[in-house]
Amino acid sequence: MDNTSYIALSRQMALWKQMNIVSNNVANMNTAGYKQDNAVFTSYINQTPDAAGVGSAPQFFALDFGEFQDFREGAFKNTGNTFDLAIKGDGFFCIETPAGEKYTRKGEFTLNEDGALATTEGDLVMSENDTPLFFAPGETEITISESGDVMTENGFIGRLKIARFADNQKLLKSAGVLFDNVEGNAVMFGSENIRIAQGMVEASNVNAIAEMTNLVKIQRSYDYVQQMIDEEHDRLSNTISTFAELA
């Protein structure tokens, strides 16, 4: 394979990953608390022996640099459900899972069979004391304040454990709307500078129109690169055939 094909293939591979990321964003545009992913690419310059002199240039390959999450707040939707919660500000709910503590902006909660506040997947929502929030049978007057205090007609239950991080971009998306922290990324706990809204959920921050437009553009770019690869293949084949006939 010649250099032209290698360069085109590197671009095509980058477009393929970008297409997967955008497709996943579109698929989760109705998922509460979902944060949009974005691909990051750069150029890899290969200085070949023939890249010097008049009329010559280095070769630029597309390099998959990585991806980053867009942590801008999504729109807040009023559901009226007692256990639906939204965080206004830069914070995350702390969730206890079989794989350890994880963090999320998805506040669609419910009560499990034991009366504990849990996610729809069954993972427990933690309090500041690192214990689940349990409700007694028959408790109906459930109030969650802006600071995260959970109360019923029988008194104080506990306060939601809210995490804030030094750098959200260092968080690793582990499963849809759940994030893991990494070593060295400072974490603070508390409801300072944030507010909890009861009876609301934060919608996905995916811009559906923009992402659908991106998907079309990526598909067209991918097809264009494929066309270029096919044309280059035909050119090389014709060249080889011509030389073979002259030999």
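Within region 154-166, track down each residue that is part of a loop (DSSP other than H, G, I, E, B) and either out of contact with any strand residue (DSSP E or B) (no Cβ under 9 Å at 6 or more places or on another chain) or open to solvent by less than 30 Å² (accessible area, probe 1.4 Å) (or both).
Step one: of region 154-166, the residues part of a loop (DSSP other than H, G, I, E, B) are 154, 161, 166.
If the condition is that a residue be part of a loop (DSSP other than H, G, I, E, B) and either out of contact with any strand residue (DSSP E or B) (no Cβ under 9 Å at 6 or more places or on another chain) or open to solvent by less than 30 Å² (accessible area, probe 1.4 Å) (or both), then ASN154, LYS161 are the ones that fit.
Condition test on GLU141, is it modelled with pLDDT of 95 or more, touching an Asp or Glu at 6+ places or on another chain (Cβ under 9 Å) and not aromatic (Phe, Trp, Tyr)? Give the derivation first.
Working: modelled with pLDDT of 95 or more: no; touching an Asp or Glu at 6+ places or on another chain (Cβ under 9 Å): yes; not aromatic (Phe, Trp, Tyr): yes.
No.
Could you list, in sequence order, all residues of region 172-194 that are aliphatic (A, V, I, L, M) and either in contact with a Lys or Arg (Cβ under 6 Å, 6 or more places away or on another chain) or closer than 25 Å to GLY158 by Cβ (or both)? Quick ask: steps written out before the conclusion?
If we filter region 172-194 for residues that are aliphatic (A, V, I, L, M), which is where we start, we get 172, 175, 177-178, 182, 186-188, 194.
If the condition is that a residue be aliphatic (A, V, I, L, M) and either in contact with a Lys or Arg (Cβ under 6 Å, 6 or more places away or on another chain) or closer than 25 Å to GLY158 by Cβ (or both), then VAL177, LEU178, VAL182, ALA186, VAL187, MET188, ILE194 are the ones that fit.
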Using the structure shown, decide if GLY115 is open to solvent by less than 50 Å² (accessible area, probe 1.4 Å), of a type in the set (Gly, Ala, Ser), over 22 Å from ALA32 (Cα atoms) and touching a residue at least 12 places away in the same chain (Cβ under 8 Å). yes
What about GLU141, is it surrounded by fewer than 18 Cβ atoms within 10 Å (Cβ to Cβ) and over 23 Å from MET29 (Cβ atoms)? yes
When you look at ALA118, is it closer than 22 Å to SER204 by Cβ, touching a Cys at 6+ places or on another chain (Cβ under 6 Å), assigned to a strand (DSSP E or B) and modelled with pLDDT of 95 or more, yes or no? no
Of those in region 14-34 that are modelled with pLDDT under 90, in contact with a strand residue (DSSP E or B) (Cβ under 7 Å, 6 or more places away or on another chain) and open to solvent by 20 Å² or more (accessible area, probe 1.4 Å), the residue farthest from GLN219 (Cα to Cα) is LYS17
Find all pairs meeting these conditions: Cβ atoms under 6 angstrom apart; at least six residues apart or on different chains; first residue within region 204-223 and among the aliphatic types (A, V, I, L, M); second residue buried (at least 17 other Cβ atoms within 10 Å of the Cβ) and not in a helix (DSSP H, G or I). VAL206/MET29; VAL206/GLN36; ALA208/MET29
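Before we move on, is GLN169 touching a residue at least 12 places away in the same chain (Cβ under 8 Å) and surrounded by 13 or more Cβ atoms within 10 Å (Cβ to Cβ)? Break it down into steps so the answer makes sense when it comes.
Numbers: touching a residue at least 12 places away in the same chain (Cβ under 8 Å): yes; surrounded by 13 or more Cβ atoms within 10 Å (Cβ to Cβ): no.
No: the conditions fail for GLN169.
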Of the conditions (1) open to solvent by 60 Å² or more (accessible area, probe 1.4 Å); (2) modelled with pLDDT under 90; (3) polar (S, T, N, Q), GLN69 fails just one. Which one is it? (1)
Any residue at all in region 80-98 that is crowded, with 16+ Cβ neighbours inside 10 Å, of a type in the set (Ser, Thr, Tyr) and assigned to a loop (DSSP other than H, G, I, E, B)? yes
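The values are calculated or read from the model by the stated rules, or taken from the named source; none is laboratory data. This one's a predicted model, so the numbers in the text were calculated from it and none came from an experiment. For neighbour counting, all protein chains shown are included, and Cβ atoms are generated from backbone atoms with ideal geometry for every residue, glycine included. When the accessible area is computed, the model is the full protein with side chains, heavy atoms only, and any ligands, DNA or RNA have been set aside. Shrake-Rupley method; radii C 1.70, N 1.55, O 1.52, S 1.80 Å.
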